[in-house]
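Colleague: I'd like to ask you about the structure that follows.
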Amino acid sequence: MASATKSPSNPLVLVDGSSYLFRAYHVPYLQALSTSYGQPTGAITGVLNMIKSLQKDYPDGNIVVVFDAKGKTFRNEMYAEYKANRPPMPDDLRTQIAPLHDIIGAMGLPLLVIDGVEADDVIGTLANQASNLGMETIISTGDKDMAQLVTAHVRLINTMTNVEMDEAGVLEKFAVRPDQIIDYLALMGDKVDNIPGVDKCGPKTAAKWLAEHGTLEQVMAKASSVKGKVGEHLRNALSHLPLSYELATIKLDVDLPENVQDIKPSEIDYEKLITLSTQFELKRLLTETQQKIKQTSTIQNELPEKHNELKVDTNNYQTILTQTDFDTWLEKLKAAELFAFDTETTSLNYMDAELVGVSFSVAEGEAAYLPVAHDYLDAPEQLNRAHVLATLKPLLENPDIKKVGQHLKYDKNVLANYDINLQGIAFDTMLESYVLNSVTTRHDMDSLAEKYLGQSTIHFEDIAGKGVKQVTFNQIPLDKASPYAAEDADITLRLHKVIWRKLSEEKDLVNVFKEIELPLSPVLAKMEQFGVLIDSQKLAQQSQDLAVRILELEKEVHTLAGEEFNLGSPKQLQEILYKKMDLPVLKKTPKGAPSTAEEVLQELAINYPLPKLLMEYRGLSKLKNTYTDKLPKMINARTGRVHTSYHQAITATGRLSSTEPNLQNIPIRTEEGRRVRQAFIAREGYKIVAADYSQIELRIMAHLSSDKGLLNAFATGQDIHTATASEVFDTPLKEVSIEQRRNAKAINFGLIYGMSAFGLSKQLNISRFDAQKYMDLYFERYPSVLTYMESTRQIAKEKGYVSTVFGRRLYLPEINASNGMRRKGAERAAINAPMQGTAADIIKKAMLAVDDWIDTLPNDDVRMIMQVHDELVFEIKEHKLIEYKNKIISLMEQAVQLDVPLTVEAGVGINWDEAH
DNA sequence: GCACGACCCTA
DNA sequence: GTAGGGTCGTGCT
C-alpha cells in the first residue's frame with residue numbers, strides 16, 4: 001500500500017460513482033448540507049469533491065464516471081435473495097442522483113449508466129478492455145470487491161482515504177492475490193449483499209485456505225479433510241459456494257455502447273454548470289465555473305482578432321442626457337419587438353414615489369438610463385421630466401408596443417400618478433418566475449439574476465447605503481445610478497428570455513401566466529390606486545376607549561402580581577406566572593421556555609384570575625397597536641384613503657398577500673374586533689358590498705375527489721357540516737346536535753389542512769383514539785376523499801409537485817426529506833395546496849371577470865376595493881345597488897365551471913362590518 | 001439598527 | 001393540521 005503516487009501520463013480513470021455516492025451520503029458533515037429550500041446536496045458535494053480531487057491528481061487522465069442503473073440486475077435473476085436485505089434507497093439520497101448526473105454531464109465527463117448490470121460490471125469490462133490494450137487504468141472506488149480487477153495495468157485508488165492499491169497492495173491488504181479475490185469473497189460471503197459464504201469463515205480463514213490450496217475449487221475438493229467446526233461449516237456450504245462465486249464475480253464482458261478507446265470527454269457546458277450550481281446552491285462549483293469562464297474569455301480576448309470586443313462588452317450602457325440621445329433611443333424602442341422598462345423613484349411606496357428616471361433595454365447588454373430628477377449637488381443638467389414623460393406617454397400607453405419588466409404593477413402605479421396609463425405589458429419577470437416555481441426562490445430581481453443567470457447584480461444598498469444613512473435615488477450620483485438602473489433593464493430582458501424559455505415548456509403554466517397572473521396585475525393596480533375609505537374619527541375614538549380599558553387592566557394585573565412589569569414582555573410574564581406565582585407549566589415554546597400563549601392562558605384562567613385579565617389585555621392592545629392606532633396613520637393625504645399593496649408573488653399556493661396595511665387580517669371574530677371593520681366605509685352616495693364564496697375549499701375537495709356523497713351534499717344545497725355530521729355520526733339530518741356539527745366542522749377543516757388524528761384530537765380536545773375513530777368513519781362515508789388524499793401524496797412524492805385544477809404548480813422540496821417532521825409537513829402542504837391554490841385561481845378569475853364587467857359600466861358606479869382570499873369587497877353606487885350586487889354574485893359563481901356549484905353570499909352595508 | 005422569537009390577527 | 005403579515009420585546013452588533 002502506498003499513498004497516491006505520481007500518475008502515469010494519461011491513465012484511464014474509472015470512477016465508481018455509486019460507491020462514492022453511498023459513502024458521501026453517510027458522512028456526517030456532508031449530511032448537513034442542503035439548499036435553502038431543503039433539497040439535500042451532501043452526496044452531490046461529496047462525489048463532486050472526489051472527482052475534483054481525481055482531476056487534480058490525474059490532470060491528463062481520462063475520467064469516466066460509472067453509476068448503477070435503477071432496477072434489478074442479472075444477479076437478481078441468478079439469485080432472488082441478492083441484496084434482499086438492503087433497505088430501499090433513502091429518498092433524500094435518491095433526489096440527489098439526477099442532479100449529480102446532470103452536473104457530471106455538464107462537466108463534460110463521460111457518464112455510464114447501464115441497465116441490468118451494476119457499476120462494478122461496467123468498470124470491470126472497461127478495465128479488462130483497457131488492460132488488454134495495455135492502457136494504464138486506475139479504478140477509483142471504495143469497494144473492496146474491485147480488488148479482483150487489479151492487474152499489472154490496473155490499480156485501485158480509494159479517493160476518500162487516498163489509499164492506492166496495486167497487485168502487491170492487494171496481497172498486503174487481503175493476504176491473497178487479486179486473482180484469488182473472487183474465491184476469497186465467495187468463502188466469506190457478504191452479509192450486506194446477502195451472499196451466503198462459509199459460516200464463521202472470515203478474512204483470516206479464507207486467506208489461510210487459499211494460501212494452502214490456491215483456489216476455491218481446490219478448497220472445496222479438500223473440504224472433507226478440514227477439521228473441527230469450521231470444516232463442518234465448509235462442508236455445509238459446498239452446495240451454494242459455486243453460486244456465491246458467481247455472484248462475487250464482476251462481469252468483464254458487458255455490452256457497452258462504446259469501446260474503451262472511443263470514450264472521450266465532451267465540451268464543458270458552462271451555462272448548464274452555472275444553472276445547476278446556482279439551482280443546487282453549490283457555491284464552490286459556481287465559483288470555480290465562473291473563474292474558468294473568466295479564464296476562457298481572457299484567452300479569447302487575447303486573440304489578435306478584436307472584432308467581437310463590442311459583443312463581449314456588457315457595460316455598453318448609456319446615460320441619456322441630451323435630446324439627441326433621447327431621440328435615438330425612442331427610435332430603438334419603437335423598432336424593438338419587445339423592450340425592457342423600469343422606473344427609478346424616491347420611494348418603495350407607490351403612492352409616495354416620485355419619478356427620478358427611467359431605463360430601457362432593447363437587446364442583451366444594450367441598455368440606457370434616462371435620469372430626469374437627480375438633484376444632488378453638482379448634478380448634471382438632465383432632460384425635463386414633464387417633457388420626457390409627455391414624449392414617452394404615447395409609447396407607454398400603446399398596447400401594441402410590447403414591454404417586459406420586473407414587477408411592473410409598481411411602475412404602472414407610479415406612472416399613474418403622472419397621468420400615464422402603462423399598457424402593452426406583455427411579460428413580467430416576477431410573475432414568470434412565480435408561476436414557474438413559486439417556492440425555490442424569492443422573486444425579486446436580485447434573487448432571480450442569481451438563480452437564473454448566475455449573476456450578481458448591483459444591489460440598491462450598494463449605491464444608496466442602508467439603514468438611516470440610506471439616500472433616495474434622486475440623491476445618487478449618475479456615475480453610480482446609471483449602471484444600476486440600466487442594469488435593471490438589461491437584466492430584466494435577459495431574465496425574461498431565460499425564464500420564458502423554461503415556462504414555455506409547460507403549457508399549463510403558460511396558461512396560468514397568460515390567463516390569470518398577467519391580466520390580474522393591472523386589476524390589482526387599479527384596486528391599490530383607488531384605495532379604501534377609512535373613518536379615522538371612529539378609529540381615534542376606539543383607540544381612546546381601548547387605552548382607558550388597557551390601563552385599568554394593567555393596574556389590576558400589577559396588583560395581582562404584586563409588582564409592576566411589562567405585560568407585553570413574554571419573558572417578564574414567564575417570571576411572574578411560573579416563578580413568582582408558581583402556576584403549572586402546561587406547554588413550552590419551541591425553544592423550551594414555558595409558553596404564555598393564548599391556549600395556555602385559557603387553561604390557566606379556569607383556576608387563576610390573572611391569566612384571564614391578561615388575555616383581555618393582549619386582545620385589546622393588539623387591537624389598538626395594530627389596527628385602531630395604525631390604520632388612520634396609513635391614510636394618504638392626497639386621496640384621503642388607505643392604499644394597500646397586494647403582493648402577487650409571495651405565497652406558495654397562489655394566494656395574494658397584502659401589506660402596508662395588511663387588509664387581509666382585519667378582525668372579525670370578536671365584537672370589539674368587528675368595530676374596526678365599522679371604520680371601513682364608502683364614499684357619499686355609495687355603499688359597501690362584501691361578497692364571499694361559501695365553503696369554497698370544501699367544494700373544491702368535492703370536485704377534486706369526485707366523491708359522490710360530498711358532490712351530492714353540495715348539489716342539493718345542504719349545510720355541509722351538518723351533512724357531514726349526519727353521515728359520520730349516523731344521525732338523521734334533522735337530529736344533528738350542535739356538538740356533532742361542531743365536530744364535523746373540525747373534521748372538514750382538518751381535511752383541508754392535511755390533518756392527522758393527532759391534530760384533530762388536539763383541536764377537539766378528545767383522545768387520539770377517538771379522533772382516529774372519527775376520521776375512519778369519515779373516510780368510510782366519503783371513500784373517494786381518502787383515495788384522493790392518498791393519490792395526492794403519491795403524486796407529490798413522484799413528481800415533487802402538486803397542481804391546482806387550472807394547472808398552477810406547487811413544488812414541495814421536502815416531500816421526500818429524511819427528516820420525518822419535515823416530510824410530514826410537506827405532505828400536509830401537498831394535501832392543502834391544490835385546494836387553497838384552486839380557490840386562489842378561482843377568485844382571481846372572478847376578479848378578472850368582474851373587472852371586465854366594471855369596464856363596461858358608463859359611470860364610476862362600481863369599484864372593487866379589496867380582496868380577502870375568498871371575499872371581494874366593493875363600493876357601489878346606491879341607485880343600482882341590488883342589481884349590481886346580483887350581477888357580481890353571478891359573475892363570481894360562474895367564474896369557473898366545476899363539478900360542484902359555487903355559491904356566493906353577498907351583503908350590503910354602510911360599512912364593512914354591516915355588509916357581512 | 002437589525003434579526004429573531006413569541007404572539008396574534010385573517011382565510 | 002394549511003397559507004399569510006404586523007407588533008413587540010430581546011439580544012446582538
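Colleague: Assuming a viscosity of 1.567 mPa s and a temperature of 4 °C, what translational diffusion coefficient in µm² per second does Stokes-Einstein assign to the stretch A:75-204, Rh being the Kirkwood radius over Cα pairs?
Modeller: My calculation gives 78 µm²/s for D.
Colleague: If R0 is 51 Å, what FRET efficiency do you get for residue A:882 and residue A:378 from their C-beta distance, rounded to 0.05?
Modeller: It comes to 0.20.
Colleague: Quick check: pseudo-label points 7 Å beyond the Cα along Cα→Cβ at residue A:555 and residue A:652, how many nm apart are they?
Modeller: Result for the modelled spin labels: 4.9 nm.
Colleague: Report the accessible area of residue A:730, computed with a 1.4 Å probe over the heavy atoms of all protein chains in place, in Å² rounded to the nearest 10.
Modeller: Roll a 1.4 Å probe over it and residue A:730 shows about 120 Å².
Colleague: Right, next: What percent does the relative contact order of chain A come to when contacts are Cα pairs within less than 8 Å and at least six residues apart?
Modeller: It comes to 9 percent, rounded to a whole number.
Colleague: Which whole-number percent gives the relative contact order of the stretch A:697-837, counting Cα pairs below 8 Å spaced six or more residues apart?
Modeller: Here the relative contact order equals 25 percent.
Colleague: With each label point set 7 Å from Cα along the Cα-Cβ vector, what nm distance links residue A:718 and residue A:235?
Modeller: Roughly 7.6 nm, to one decimal.
Colleague: Quick one: helix A:283-302 against the long Cα principal axis of chain A, what's the angle to the nearest 10°, folded into 0 to 90?
Modeller: The answer is roughly 90 degrees.
Colleague: Amide H neighbours of residue A:155 under 5 Å, at least 5 residues apart or on other chains, H built in the peptide plane: list them.
Modeller: A:137, A:138, A:139
Colleague: What angle, in degrees between 0 and 90 and rounded to the nearest 10, separates the Cα long axis of helix A:478-504 from the longest principal axis of the Cα atoms of chain A?
Modeller: 70 degrees
Colleague: For chain A, with only Lys/Arg (+1) and Asp/Glu (-1) charged at the beta-carbon, what is the dipole magnitude about the Cα centre, in debye rounded to 20?
Modeller: That gives a dipole near 2420 debye.
Colleague: Could you provide, to the nearest whole Å², the per residue accessible area of the stretch A:336-447 with probe 1.4 Å?
Modeller: 36 Å²
Colleague: Expressed as a fraction of 2.2 N^0.38 Å, the rule-of-thumb size for a compact globular protein of N residues, what is the C-alpha radius of gyration of the stretch A:316-505?
Modeller: Here the Cα radius of gyration is 0.97 times the empirical estimate.
Colleague: If you roll a 1.4 Å probe over the heavy atoms of the protein chains, what accessible area per residue do you get for the stretch A:697-837, in Å²?
Modeller: Accessible surface, normalised per residue, equals 48 Å².
Colleague: Now, a different point. Per residue of chain A, what 222 nm ellipticity follows from adding -39500 (n - 2.57) for every DSSP H run with n ≥ 4, rounded to the nearest 500?
Modeller: -14500 deg cm²/dmol
Colleague: Oh, and also: Can you tell me the Rg and the Dmax, both Å, for the Cα atoms in chain A?
Modeller: Gyration radius and largest Cα-Cα distance of chain A: 35.1, 112 Å.
Colleague: Rounded to the nearest 0.05, what FRET efficiency do residue A:772 and residue A:72 have when you use their Cβ-Cβ distance and R0 = 41 Å?
Modeller: 0.60
Colleague: Could you tell me the distance between the Cα centroids of the stretch A:433-500 and the stretch A:56-118, to the nearest Å?
Modeller: 40 Å
Colleague: Rounded to the nearest whole Å², what accessible area per residue is found for the stretch A:532-636 with the 1.4 Å probe?
Modeller: Value for the stretch A:532-636: 58 Å² per residue.
Colleague: Still on this model: Hey, got a sec? Which GluC sites (Glu not before Pro) in the stretch A:695-757 land in a DSSP loop and have at most 13 other Cβ atoms within 10 Å?
Modeller: Qualifying residues, ordered by number: none.
Colleague: Kirkwood Rh over alpha-carbon pairs of the stretch A:532-636, then Stokes-Einstein at 37 °C and 0.692 mPa s: what D in µm² s⁻¹, rounded to an integer?
Modeller: 219 µm²/s
Colleague: On to the next question. Between residue A:502 and residue A:545, what FRET efficiency follows from the Cβ-Cβ distance if R0 is 56 Å, with the result rounded to 0.05?
Modeller: Efficiency computed from Cβ-Cβ geometry: 0.50.
Colleague: Same structure again: What does the charge dipole of the stretch A:363-417 about its Cα centre add up to, to the nearest 20 debye, if the Cβ of each Lys and Arg holds +1 and the Cβ of each Asp and Glu holds -1?
Modeller: Using Cβ point charges on Lys, Arg, Asp and Glu, the stretch A:363-417 gives about 340 debye.
Colleague: Then there's this: Could you pull the accessible area for residue A:874 with a 1.4 Å probe, rounded to 10 Å²?
Modeller: So the heavy atoms of residue A:874 present about 0 Å² to solvent.
Colleague: A further question follows. In nm, what is the difference between 0.36 nm times the number of residues separating residue A:331 and residue A:35 and their Cα-Cα distance?
Modeller: 102.1 nm
Colleague: Separate question: With a 1.4 Å probe and all protein chains in place, put A:681, A:491 in order of accessible area, largest first.
Modeller: A:681, A:491
Colleague: Would the stretch A:777-916 count as rounded, prolate or oblate if I go by the C-alpha gyration tensor, calling it rounded below 1.5 in a/c and otherwise prolate when a/b exceeds b/c, oblate otherwise?
Modeller: Cα axes put the stretch A:777-916 in the prolate bin.
Colleague: Extension gain residue A:243-residue A:89, at 0.36 nm per residue separation less the Cα-Cα distance, in nm?
Modeller: 52.9 nm
Colleague: Calculate the all-directions average of the projected area of the stretch A:697-837's alpha-carbon convex hull, and give it in nm².
Modeller: If I average the Cα hull's projected area over directions, I get 8.4 nm².
Colleague: Also, I was wondering about something else. Tell me, what % of the accessible area of chain A is carbon and sulfur with a 1.4 angstrom probe?
Modeller: Carbon plus sulfur share of accessible area: 51 percent.
Colleague: Helix A:323-335: angle to the longest alpha-carbon principal axis of chain A, degrees 0 to 90, nearest 10?
Modeller: 70 degrees
Colleague: Multiply the residue gap between residue A:758 and residue A:262 by 0.36 nm, knock off their C-alpha separation, and tell me the result in nm, one decimal place.
Modeller: 172.6 nm
Colleague: So, one more: Check residue A:68: other-chain or 5+ apart residues with amide H under 5 Å from its amide H, H built from backbone geometry?
Modeller: A:18, A:119
Colleague: A follow-up question, please. Taking amide H positions as placed in the peptide plane 1.01 Å from N, state which residues far from residue A:647 in sequence (5 or more) or on other chains have amide H under 5 Å from it.
Modeller: The list, which skips near neighbours in sequence, is A:657, A:658, A:659.
Colleague: Over the Cα atoms of the stretch A:382-463, compute the convex hull volume and normalise it per residue, giving Å³.
Modeller: Convex hull of Cα atoms, per residue: 126 Å³.
Colleague: Check each of the trypsin sites (Lys or Arg not before Pro) in the stretch A:593-643 and keep only those in coil by DSSP with at most 16 other C-beta atoms within 10 angstrom; list them in order.
Modeller: A:638
Colleague: Say each of residue A:794 and residue A:588 gets a label point 7 Å from the Cα, pointing the same way as Cα to Cβ; how far apart are those two points in nm?
Modeller: 4.1 nm
The values are calculated or read from the model by the stated rules, or taken from the named source; none is laboratory data. Worth saying up front: this structure is predicted, and the values here are computed from it rather than measured. Positions of Cβ are backbone-derived with ideal geometry, glycine not excepted, and every protein chain shown enters the neighbour counts. For the accessible areas, the whole protein counts, side chains as well, though only heavy atoms, and no ligand, DNA or RNA atoms are used. Shrake-Rupley method; radii C 1.70, N 1.55, O 1.52, S 1.80 Å.
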